[in-house]
Structure formats: C-alpha cells, structure tokens
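Down below is the structure, laid out as structure tokens.
Coordinate-derived values only; no laboratory data. Bear in mind the structure is a predicted one, so any value in this text is a computation, not a measurement. Positions of Cβ are generated from backbone atoms using ideal geometry, with glycine treated the same way; all protein chains shown enter the neighbour counts.
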6 protein chains.
Amino acid sequence: MRRDHNSLEEFKKYREKMNRKILASENLQIQRFFNLDTRAYQEGALSSKVKELLGLVASLVLRCDDCVTYHVLRCVEEGVSDAEFFEAFNVSLVAGGSITIPHLRRAVQRLEESRTLNKKRFSGRR
Amino acid sequence: MRRDHNSLEEFKKYREKMNRKILASENLQIQRFFNLDTRAYQEGALSSKVKELLGLVASLVLRCDDCVTYHVLRCVEEGVSDAEFFEAFNVSLVAGGSITIPHLRRAVQRLEESRTLNKKRFSGRR
Amino acid sequence: MRRDHNSLEEFKKYREKMNRKILASENLQIQRFFNLDTRAYQEGALSSKVKELLGLVASLVLRCDDCVTYHVLRCVEEGVSDAEFFEAFNVSLVAGGSITIPHLRRAVQRLEESRTLNKKRFSGRR
Amino acid sequence: MRRDHNSLEEFKKYREKMNRKILASENLQIQRFFNLDTRAYQEGALSSKVKELLGLVASLVLRCDDCVTYHVLRCVEEGVSDAEFFEAFNVSLVAGGSITIPHLRRAVQRLEESRTLNKKRFSGRR
Amino acid sequence: MRRDHNSLEEFKKYREKMNRKILASENLQIQRFFNLDTRAYQEGALSSKVKELLGLVASLVLRCDDCVTYHVLRCVEEGVSDAEFFEAFNVSLVAGGSITIPHLRRAVQRLEESRTLNKKRFSGRR
Amino acid sequence: MRRDHNSLEEFKKYREKMNRKILASENLQIQRFFNLDTRAYQEGALSSKVKELLGLVASLVLRCDDCVTYHVLRCVEEGVSDAEFFEAFNVSLVAGGSITIPHLRRAVQRLEESRTLNKKRFSGRR
C-alpha cells in the first residue's frame, strides 16, 4: 500500500523517542501535563472505549493527523468496530466540514494499518 | 443566577426562528446539510448518548458556545450523569487546552440550566 | 426583531470608535496592517464584489461574527443577491461544517438588517 | 523542482483511492456529505469559477494543504489568471495572517504544477 | 464608555463563581489542570511579565476574548507599558491576520478598563 | 537522527526559493505584508528575543510546524536557553492542549537541529 506518510511503526518509534526527550527536560509541569493526558482516557464513569472515541473525534475536528493516528490505534485496541468508526467519522465530518476530509482519508488508511498491526500482535502472543 | 448570555429558552427560540428562515431559503443543499446534521446523532452502531457526547466534545474543542449549549441539552435528555459530563469536559480540556476554559464555564452553567429545564419538562408531563 | 447581539448601528459605532483608538496609538505597523486590510478588497483583477464574497466565506469558516457582519454589509452594498449569498453560505457550511451554523444564523439576521439599512440609505439620498 | 510533498499526480491518485474506500463503507451519510461537497461548487447564481475561488480562500485560511491543492487545480481548470490567484492569495494572507504563509508557499508551487499539468492535458487532447 | 460586553468586575465575578463550581466537582484531573494553568505563568527562567505576554498573544491568535481579558489584566499588574502592549498586539495581528481585529478592539477596551481598575486598586491601598 | 520531515537546510532553501517566487509576483500588497511580518519581530519596546518567543508560542498554539521551525531557529540566534524554551513550550501546551504535542515533538527536534546549526555557523566564522 502506498503511504502518504510514515508507517505506523515509524510513527510509534518517533513518538516514543521524542516523548522521552521532552520528559527528560527538567520541566516538571510538562511531565504533569503528559500525565494528565494519559489519565484522561482511563476507565471511569465513561468507558475507555467511549473516551478514545471522544479523543478521536476531537483530533479529527481539530485536524491533527498524529493525534488521529494515536486514537485510531487505541480505538482498535478497545474493540471499536468498523461501523462504529464510520459513525464517529461521520460526526466529525458533519461537525468539522469538508476541511476534515483529507484527515479522514488518512484516518481510514491508519485504521487499515492498525487492524493489521493488531492482528499480528495477537497472533504473536500465542 | 447571573447570566453571561441569553437564557436557555431564549437560545432555543432564536435558534428555531433563524433555522426556519435558513430552511425557507431556496437553497436545497443547505436544507440537506441540516438534515445530515440531525441524522449524524441518531441511534446506530453507536448510541445517541455516545454520539451526543462526541458532539459535545467536538463543540468544546472547537469552542462554539451555541453548539455546546445544544449538545449539553441533548446529553441531559439522553441521561448523561454529572460524573460522565465532567469526564467528557476533562477530555475536552486536556485536548483543547486552557483556551477552552471560558467555554467550560459556560458549559457548566448550561448544564445547571438544562437540568432545571429537564426537571420541569418531566414534572409538567404528568 | 429579537437581537442576539448589538444592532448594526451599534456595531458600526463601536467598530469605528475602537479603530480610531487603535490607529491613534503610536504603532505605525498596526496602521499599515489596517491599510493593507482595506486595500485587499478593492477592485483589481477580481471585482470588489467577488473579493467581499471571499472575505465573507473566510469570516464564516473562521467563525468571526464581527467579520461576517462587516462583509455581509459590504456585500449588500456591492449588490450581492440573496441567491448568491446563500450559495456562498452553502460553500462555507460544507467547508466549515455544522460548527458554522450558529454563525450562519447570525449572518442571516445581519443580512436582513443590512438590506433594511441599505434601503434607508438610498431612500435618504433623494 | 524540489518537492516538499507528493507530486500532483500522486496527490490525485491517493485522493481517489482513499475516497473510493470511504465511499465503499456502508455509511450512507458520509456518501451524502461527499455529494453535497461536490455540488457546492457547481455553476449556480455564482459561477463555478467564483465558487472555486471561495473554496480556495476557505482552504487557505483554514490551512488545509490538500484542500488548497484541490482548489488550485480546479481554479486553473476554470481559467483563473495569475493576477486573480494572487489577489485571492492576498485576501487569504491578510485575513488569516502570516500563519498562512507556509501554505501560501505550497499553493504557489501547486499553481506552477497545475499550470504544467493543465497544458499537458490540453495538448494531449489533440 | 459603551461596553460591547460585561464590565471587568462582572467578568471577574462570573469567572470566579464558575471556577469554584468547576473545582467543586469531584473530577480531580480538572483541578490538576487548573493548577497547571496557574503555574505556567509563574516566575521562572522567563519572568512572569514575559509569560503573561506569551499568554496574551496565544489568546489573541486563538481569538478567545475572556482569555485576552484575563491576560491584559495580568499584564497591567506586571507593569507592561502601552508601547509594549501594542507591539505584542502587532505580533498577534500579523501572525493571526485581520480576523483578530475584532478581538484587538475588545483588547484595547479591556486595556483601558484594566488601567483604571489598577489605579483604583493602588489608590485604595493607602 | 531519524527525520520526520525535511532537514533544517532543506527547509530554509525551500522557504527562500518560494518566498522569492511570491515576491516576484506583481502583487505589491503581498510584498508589503511580508515586510510587516519581518518588522514585527524587530527590537522595539520589547526585545527581539521576547518577540521571537511570542512568535514561537503563537506558532505552537496555531499548530504551524514551519512557523515553529522558523521561530525556534530565530530564538536560538537570540540566545534563548533550554530552560526558557521549555517554559515557553509549557505555556503553549497548557494554553493549546494536548493537540499541540505532535508539534511540540517536532519543535524539540528542530531545537536540537538549530543548536547544531548555530554552533557550526559560529565555529565557521573564525
């Protein structure tokens, strides 16, 4: 498959490497922010699945490809079905307009890649 | 309670009146868009409740007060609890940053007003 | 007519008064910026009418009510018809999504007010 | 010429391929949205040329490179001259600020590429 | 002076009242976010004055009136001069474009109000 | 080091080349805008260093990678320390939310590259 950007593995490596550098800085508040960011999506009154869908829609309407990639990956792990994905995509599209379409195209590519990656991960576990 | 903007009733009246004017124009495509907007939140693979929460978070991170008001009202009708509301608010706040705080303040006011309105509606039904 | 905001006359007075204060500051660059802003909409390879429509759509998708008000007023002066207005509104709505709808409602109100103001201006000229 | 991104041909292929995948999903509302998006730019009270210019300015101020690319290509097909392009660019720049400059740089590159592509298309027709 | 919105005193009261309600909710993470928000502007490697100017420019380019009001007030307390204010306004205007002008108008009004309020506060201290 | 985008040298070359093309167009107003953009960051009531920090934060919250790259480079030239950079990053992160994190990752990479480039430039001067 032709890629318009880095592979999912490259994305993850770059993300982890730069996050390490950011957290290695002596700025405690940035570390606390990263911590809050992680916790925002943990199981609570709302399930992790719903929260990841909230994160996905926020990322799409704010048009942040890397954020979309991250939440697509997490939604796949949380068991979001294709029908559910496309309904969340539709809410984003209607709310955010056609300006979100290029991001939607990349989201759909990321969804395919994430399904493949997720299958490997599980078959590798046996 | 001091109001930073119109009451919920005024909001609803203005919204309905202007929507009627927009839909009375001879532009069929705008009518179709409004139709798609309504349908995006209907029960499907995802529940109406989850979809309204998606709409609420999209509205908060895009910082649209009237959209927030509308989805707060709908979320109350769908039975979203206070704990669920505040977790959705937290996702919006972390994703969208402190720039969303003024909108969060108004969202919390709208939540109070919507709970009051919803109670009246139900007690009025008997 | 119920107003969700200031009247068109109040808008214009406030705008002119604050612009005067801004331009009275000793910051020459801000003055030059205001100058560039005025010139951007003057007749050229594209007509003033088309440029005002460009300004209107930019204002709607960026969701700036005061900018929308200004360009609606100018478009009325340039002779934009209702059918043309609604097609420009539709481009904004499709490009910018349902998040622009509250701004569209106010734009339609401003359009009515501007038509009334424009009629008075012309009948007053005799 | 050095490219900061995919060639115009690659852009078009990726766009078409992913659009097909999106439309192949069973989500009827997304299909309808895509339909509305196409229709918004068709000849009406405003000409296609003016509507494509509206789409171009909306894309520039919302800073969506792929959307800019698409509307630059369409504007070239509609016969928009260089002087007209640069006046529309100037409206976008003044309205959207220096933050649009990186997108303007890529728009100018896309304009060159689109002129070349359009010439080939026409000479190929004979 | 005609006001396009609430007085500075009303703004402060509403802000404090709603912040209390938000912090009274049982959502610890929102409380932590508010804490991080306060700390971000405290004296450090960069002075509070510079940080408040950073907050002001961020608020202007993101076009959040309440955030602008807050940082104008804080900048006045930090001793920012009119010349410094207008240079920061100019950076915001050039970076964010004419779409920030309505917010600039309100910022200049807030600056006048804040200077008055600040004078009273100091004369009241004797 | 793995690069998620062009090298700093490539960025600078592309930027200069396309700016030349834009300024070679016959649109005088765009030339004036570019001039205003340059002047906004010159020493005045506020130092160039502070103004570049303002530009950096504006670029981060508006999520414009190329603008961030440019201001990181200029801040390094103005002698901004790592501690100062990270406090400015923190203000951007808190104000703009987690949606700015992907841009922060690239900013930190650009900071490393700019430090390296700046060292070379100075050692090359002898």
What net charge do the residues around E:LYS49 carry, taking every other residue with its C-beta under 10 Å from that of E:LYS49, with Lys and Arg at +1 and Asp and Glu at -1?
-3
Of F:SER48, F:LEU111, F:CYS64, which is farthest on the positive side of the dipole of chain F, counting Cα position, with +1 on Lys and Arg Cβ, -1 on Asp and Glu Cβ, and the Cα centre as origin?
F:LEU111
Let me spell out the model: positive unit charges on the Cβ of Lys and Arg, negative unit charges on the Cβ of Asp and Glu, origin at the Cα centre of the protein assembly as shown. What dipole size does that give, in debye rounded to 20?
0 debye
List the pairs from A:LYS49/E:LYS12; C:LYS120/D:LYS49; A:LYS17/F:LYS21; D:LYS21/D:LYS49; C:LYS21/C:LYS49 whose alpha-carbon separation is above 31 Å, in the order I gave them.
A:LYS49/E:LYS12; C:LYS120/D:LYS49; A:LYS17/F:LYS21
With equal scatterers on the alpha carbons only and no solvent term, can you work out the Debye log10 of I(q)/I(0) for segment A:1-72 at 0.24, 0.26 1/Å?
-1.19, -1.21
Measuring from its Cα centre, chain F shows a charge dipole (+1 at each Lys and Arg Cβ, -1 at each Asp and Glu Cβ) which, in debye to the nearest 20, is 500 debye
Give the peptides A:81-87, E:14-20 in descending order of average Cβ contacts within 10 Å, highest first.
A:81-87, E:14-20
Whole-angstrom gap from segment B:81-123 to segment F:1-63, using each part's C-alpha centre:
40 Å
Cβ charges +1 (Lys, Arg) and -1 (Asp, Glu), total dipole of segment D:1-65, debye
100 debye
Within the protein assembly as shown, the cysteines whose Cβ lies no closer than 4.7 Å to any other cysteine Cβ are A:CYS75, B:CYS75, C:CYS75, D:CYS75, E:CYS75, F:CYS75
Does anything in segment D:88-105 have its amide N under 20 Å from the 7 Å Cα→Cβ label point of C:LEU23, and if so which residues?
D:94-95
Quick one: which of F:106-118, E:45-57 comes out on top by average Cβ neighbours within 10 Å, and what's the full order, highest first?
E:45-57, F:106-118
Can you list, shortest first in nanometers, how far D:SER123 lies from the same residue in the other copies, with each label 7 Å from Cα toward Cβ?
4.9, 4.9, 6.2, 7.8, 8.0
With the 8 Å Cα cutoff and a minimum separation of six or more residues, chain F has a relative contact order in percent of 25 percent
Per-residue average of Cβ from other chains inside 10 Å of C:46-53
5
Taking beta carbons within 10 Å but only from partner chains, what does the mean come to for residues F:13-23?
4
Work out the P(r) tail for the protein assembly as shown: percent of alpha carbon pairs separated by more than 47 Å, whole number.
14 percent
Cα extents of segment E:67-126 per principal axis, largest first, Å, are 44, 18, 15
How big is segment C:7-126 in terms of Cα radius of gyration and Dmax, in angstroms?
15.1, 44
